[in-house]
1. Quote the FRET efficiency, to the nearest 0.05, computed for residue 14 versus residue 180 with a Förster distance R0 of 51 Å and r equal to the Cβ-Cβ distance.
2. For the chain, what is the percent of antiparallel DSSP beta bridges, rounded to the nearest 5?
3. Can you give the charge dipole size of the range 1-79 about its Cα centre, rounded to the nearest 20 debye, using +1 on the beta carbon of Lys and Arg and -1 on the beta carbon of Asp and Glu?
4. Within a Cβ distance under 15 Å of residue 73, other residues only, what is the Lys/Arg minus Asp/Glu net charge?
5. Assigning unit charges at the beta carbon (Lys, Arg +1; Asp, Glu -1) and nothing else, what dipole magnitude in debye, to the nearest 20, does the chain show about its Cα centre?
6. Going by Cα centres, the range 118-195 and the range 73-114 are how many Å apart?
7. Hey, got the dipole for the range 147-298? About the Cα centre, +1 on K and R Cβ, -1 on D and E Cβ, debye to the nearest 20?
8. Putting +1 on Lys and Arg Cβ atoms and -1 on Asp and Glu Cβ atoms, find which of 253, 168, 187 reaches farthest to the positive end of the dipole of the range 119-264.
Amino acid sequence: MRLSDEEAHATFKAIRWAGNGGEPFCPHCGCVAVYEYKTRRIFRCQGCLKQFSVTSGTIFASRKLAIRDILAAIAIFVNGAKGYSALQLSRDLDVQYKTAFVLAHKLREAIGAEMKSRTVGGEVEIDGAYFGGYVKPENRKEDRKDRRLLVNQSGKRRVVVVMRERKGKTLPFVFDAEADSLPTIQARVRRNSVVYADEASSWDALHARFATFRVNHSVAFKDEDACTNQAESYFSRLRRAEIGTHHHISGKYLHQYANEMAWREDNRRVDNGAQYSLVAAAALAHAVSREWKGYWQR
Ligand SMILES: [Zn+2]
């Protein structure tokens, strides 16, 4: 927060164009001959004559926040091990809730982007857990319904299925039901992988494709090497984010929180300075967000 405007701008430049020694090039045509207006922190391409700023063409395009505030938001965001709520971020930065909400979601989108084409392999633990769609029980006992029955549920409950490499990467997806995840698992878990899952019948079909080991959690949590403890740790972090930080996660955005927590698990032993650089670099390498740009104007 102590950075001057000049220093914040220089930091952004160095991160965004790290691959070019921190020297800007045109986001429209790629030309490296660029003129910098000293007073306005705007660049002009000598090739196509278009103007651009340090955030043009990135996820922070058409920003209203100062660059220093964006850098501060990234630092605050990475330090929230259980996630970070938009309300708290808006207080920290002294900006509107709506601004903080969109900014945090843009950061989630940027770090989730690296999972888009990811596959996992080796020893992979697979498990599912349900989130959202909480139905509050009626006050009086005689009015209460059996919330286990489909007809008495909200229809908003979703399952997060995670594929997690032992000592490796984490890859979560959101489905309506656990069994819906099988085509995705086939596409994302490489052949010749060894798969670990629990006793749930959804996973029976895995045996046909992978060497699969099952652990019956009603008997033991760890059976020889058949356990899904890594997948469970991931869910524990996502659950703590749901209960402790956000209190309520909308099914619509559950995949974004699932990706965020996967990233936090995978980078949990990386020091927070390096985490900060990773998120900043991911965000500045990410194209304009189709989901979040102009979100509140829609
Ligand atoms: Zn150009």
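Taken together, the values in this text are just the output of simple stated rules run on the coordinates, not laboratory data. Quantities reported herein were computed from a predicted structural model and do not represent experimental measurements. With ideal geometry, Cβ positions are generated from the backbone for all residues, glycine too; neighbour counts draw on all protein chains shown.
1. 0.70
2. 70 percent
3. Numbers: 11 positive and 6 negative charges, 44 e Å.
That gives a dipole near 220 debye.
4. Here the count lands on +2.
5. The dipole magnitude comes to about 980 debye.
6. 25 Å
7. That gives the range 147-298 a dipole magnitude of about 480 debye.
8. 253
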